[in-house]
Amino acid sequence: MSDGGPEESGGAVGLPSRRRRPTTMSQWDPTARLSYWAFHANRRPAYMRFAYLQLGSDEAAEEAVDAAFDAIMGEWLRMLHMDRLDAYAWTVLKQRLVERQHRRHPWQPHRPEPMDISAFEAALKEARTDQYEVLADTIRFYSAVSRLVERQRDAVLLRYGLQCSPGEAAAVMGVDEATVRSYLGQAHRRLARLLDTSAEAADPALDADADPAESAES
């Protein structure tokens, strides 16, 4: 396996070293520079939209994405030898989102949640005409999505929040399309259970009936 490449199973990926002094871009060969800026142009729009879903403001999203690309630039020459370059970059972005969220709410344990659920709300409106019922269902869906395990939540937000195809979501996350489809299938089953349960009275044992396989993923 190439140096520093993430594992196929979606395991932890080593983040950029803060000790090693990166090679400045002026010292890169032209091919490396072109490949970095092509990656930047291709991924930045999706990164910005995803960061906005997590942070809820353009300013915070731009700051987190810029910090992620600064880190990626510092590691780019090493990343070019990785088997899963996109997966590494995705991990860097997620870490910068964690750091940005922590700075905003340092007293709270970090758990990124979607801030803009207009796509979900629009989908619900297609099926229902009662605005109060739509609002209630939107809040329930928002709460349920926030309780998915991280990889499932990422796949759902990319697929339905950002309207990415499974293939596009896979490219952004740096995994196979089949893996994204698996995450979505797991998320659908989990959401169906959560939404069905949340329609009833609040139950402190809400997750007690989770599948063992899904619990293991958490």
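No lab work stands behind these numbers, since they all come straight from the coordinates. What you see is a predicted model; the values in this text were computed from it and never measured.
In terms of modelled amide H atoms, which long-range or inter-chain residues lie less than 5 Å from the amide H of residue 83?
Counting only residues 5 or more places away or on other chains, the set is 2, 5.
Through the Karplus equation 6.51 cos²θ - 1.76 cosθ + 1.60, θ set to phi - 60°, convert the phi angles of region 55-64 into ³J(HN,Hα) values in whole Hz; use x for Gly and Pro.
9, x, 8, 5, 4, 5, 5, 5, 4, 5
How large is Rg over Rh for region 48-105, taking Rg from the Cα atoms and Rh as the Kirkwood inverse mean of 1/r across Cα pairs? Can you show the working numbers first?
Working: Rg = 11.8 Å, Rh = 11.6 Å.
Checking Rg against Rh, the ratio lands at 1.01.
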